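Q: Before anything else, here's the structure in question.
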Amino acid sequence: MVHPEILCQSPIFRGIAPDDLHELFRQIHYQVKAYQKNDLITMAGDICDRLLIIQQGSVKAEMTDYSGKTIKIEDMSAPWPLATAFLFGKENRFPVTVSATSDVEMVSIPKTEFVKLLQLNALILNNYLNTISTRAQFLSQKLKFLSFKTIKQKIAHFLLEKAGDRLQTVEIQQSQGQLAEMFGVTRPSLARTLGEMVQEGLIETDRRYIKILDKVRMSQLLMG
C-alpha cells in the first residue's frame, strides 16, 4: 500500500498535497515491495527501468572498485528516490549495488508510468529535473573524491568540503567505522592516518569534532 503522506516529503513529490498525490497514484500502475534487513534490492549493472522510492526504512549504496574493494557511496532513508539520474538515457543501468540496512518498503514505478506522472503534473516534472541535477552534482563530487589515492587525501578532501571557507572546526556525524566504510579503508588504517595528521599539526581531534589547523597544507595534500 502506498502512503502519500510519506511520499509527499520525497524530493520528487515535494509541494504536492497527500490527497492530490493519492489521486495521481490512482491513475498509474505501481508496486510496493517489502525487503528485510540485508536483502539485496538492486545490483550495479541492473537495468534501471523503474523509479524506486524508499517508503519505509533505510538502504546503503555501494560500489566495487577495480581492485575489488567495496566502497560505500551513501546511506539513504525514506522517502528518498534511487538512481533518479539513470532512469533515462542509453546506459540506464543502476550504478551501485543497493541493499537494505533495515526492513524496507520500496515503491516501484515503471518508467512508462512515471512518464505519465510527469505529463500529469508540472510540479513533479520540475522536482524531477531539480533532483537529477542535484544528483549529477553529487556524483561529480563523489568521483572526485574516489580519484584520491591515499587515505590522507580522502580525509583532507572530506574535512575541507565540510568546513568550506569559513569554518575551522567541523562536527563529524559518522562513527569512525562508518567513515572507514565510506573511504573504502579499514578502521585501523583510518585511525592511524588521523593520528599521523594530528602529529603533523594538520588537525586536532576532540571526540566528534575535528579542527583544521592548516588549511593551506591540507589543500596541498590534494595536489600530491
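The values are calculated or read from the model by the stated rules, or taken from the named source; none is laboratory data. It should be emphasised that the depicted structure is a prediction, and the values quoted were computed from it without experimental measurement. Cβ atoms come from the backbone with ideal geometry, glycine included; neighbour counts cover every protein chain shown.
Q: If Lys37 passes every condition in (1) in contact with a helix residue (DSSP H, G or I) (Cβ under 6 Å, 6 or more places away or on another chain); (2) closer than 26 Å to Thr186 by Cβ but one, which one does it miss?
A: Of the numbered conditions (1) in contact with a helix residue (DSSP H, G or I) (Cβ under 6 Å, 6 or more places away or on another chain); (2) closer than 26 Å to Thr186 by Cβ, the odd one out for Lys37 is (1).
Q: Tell me, please, whether a residue that is under 19 Å from the mean Cα position of the chain (by Cα), of a type in the set (D, E, K, R), at pLDDT 85 or above and surrounded by 12 or more Cβ atoms within 10 Å (Cβ to Cβ) can be found in the range 129-146.
A: no
Q: Among the basic types (Lys, Arg), at pLDDT 90 or above, more than 19 Å from Leu139 (Cα to Cα) and surrounded by 13 or more Cβ atoms within 10 Å (Cβ to Cβ): is that true of Arg26 in this structure?
A: For Arg26, the condition - among the basic types (Lys, Arg), at pLDDT 90 or above, more than 19 Å from Leu139 (Cα to Cα) and surrounded by 13 or more Cβ atoms within 10 Å (Cβ to Cβ) - is not met.
Q: Still on this structure, I have one more. Any chance the range 137-147 includes a residue that's in a helix (DSSP H, G or I), under 22 Å from Ile210 (Cα atoms), touching a Phe, Trp or Tyr at 6+ places or on another chain (Cβ under 7 Å) and of a type outside the set (S, T, N, Q)?
A: Within the range 137-147 (the criterion being in a helix (DSSP H, G or I), under 22 Å from Ile210 (Cα atoms), touching a Phe, Trp or Tyr at 6+ places or on another chain (Cβ under 7 Å) and of a type outside the set (S, T, N, Q)), the answer is no, since none of the residues qualifies.
Q: Quick check on the range 55-77. Is at least one of its residues among the aromatic types (Phe, Trp, Tyr), buried (at least 17 other Cβ atoms within 10 Å of the Cβ) and part of a loop (DSSP other than H, G, I, E, B)?
A: no
Q: Scan the range 35-47 and report the pairs whose first residue is on the phi < 0 side of the Ramachandran plot and whose second residue is assigned to a loop (DSSP other than H, G, I, E, B) and of a type in the set (S, T, N, Q), with Cβ atoms within less than 8 Å and a gap of 6+ or a chain change.
A: Going by the 8 Å Cβ cut-off, the qualifying pairs are Lys37/Thr101; Lys37/Ser102; Ile47/Asn92.
Q: Here's a check for you: in the range 176-214, which residue that is closer than 16 Å to Ile71 by Cα and hydroxyl-bearing (Ser, Thr, Tyr) is modelled with the lowest pLDDT?
A: Thr186
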